[in-house]
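The values are calculated or read from the model by the stated rules, or taken from the named source; none is laboratory data. The structure presented is a predicted model; accordingly, all values stated were derived computationally and were not measured. Quick reminder, even Gly has a Cβ in these numbers, built from the backbone with ideal geometry, and neighbours come from all protein chains shown.
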Amino acid sequence: MKILTRGGGGYGEVDLFPTGVPATNATVGASVLSAASMVSGNIFRSGSTGAYSDTTDTAVAILAALGNPPQGTSVHLTIVNGVAFVETVVAGVGVTLAGVTANAASAVRDYLITVTSPTTVTLTGIGSRAA
């Protein structure tokens, strides 16, 4: 599925559900969601033995991993919370959170990463479902 995006004075398409290999993160407790894992489109999170928080990478790192796309570009990210504890997503430098971004225990949450300037992005929670 593709979505229409606007940026750089024109329109383009991006894959809403990338088919790349999911990134895995089995850190016990808090960790950083690397830019590479975020732009892979899919992260499988496991390992924690209690409620935990994950901080996004910086906006500059995310933008570089995306190839520095124009403002208005959006890409999809799915995080599968593979443990029975809540994941709290925390914004890294230059990242703004919007919508519901916490991921319930044993759930899947979908996000859009949207380029808002050459140095900032917004991570918007757009929905969730059971894992």
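The table below lists the values:
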read-out	value
Residues within segment 74-120 that are in a loop (DSSP other than H, G, I, E, B) and either in contact with a Cys (Cβ under 8 Å, 6 or more places away or on another chain) or in contact (Cβ under 8 Å) with a residue 60 or more places away in the chain (or both), tallied	2
Inter-residue pairs, beta-carbon under 8 Å, first in contact (Cβ under 8 Å) with a residue 12 or more places away in the chain and under 15 Å from Ile62 (Cβ atoms) and in segment 26-52, second hydroxyl-bearing (Ser, Thr, Tyr) and assigned to a helix (DSSP H, G or I), 6+ apart	Ile43/Ser37
Sole residue being modelled with pLDDT of 95 or more and among the aliphatic types (A, V, I, L, M), chosen from Val28, Val60	Val60
Among (1) assigned to a loop (DSSP other than H, G, I, E, B); (2) buried (at least 16 other Cβ atoms within 10 Å of the Cβ) - the single one Val28 does not satisfy	(2)
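Yes/no matrix, rows are residues, columns are (1) touching a Lys or Arg at 6+ places or on another chain (Cβ under 8 Å); (2) crowded, with 18+ Cβ neighbours inside 10 Å:
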| site | (1), (2) |
| --- | --- |
| Gly72 | yes, no |
| Asn81 | yes, yes |
| Phe85 | no, no |
| Val95 | no, yes |
| Ala98 | no, no |
| Arg109 | no, yes |
| Thr119 | no, no |
| Thr122 | no, yes |
| Arg129 | no, no |
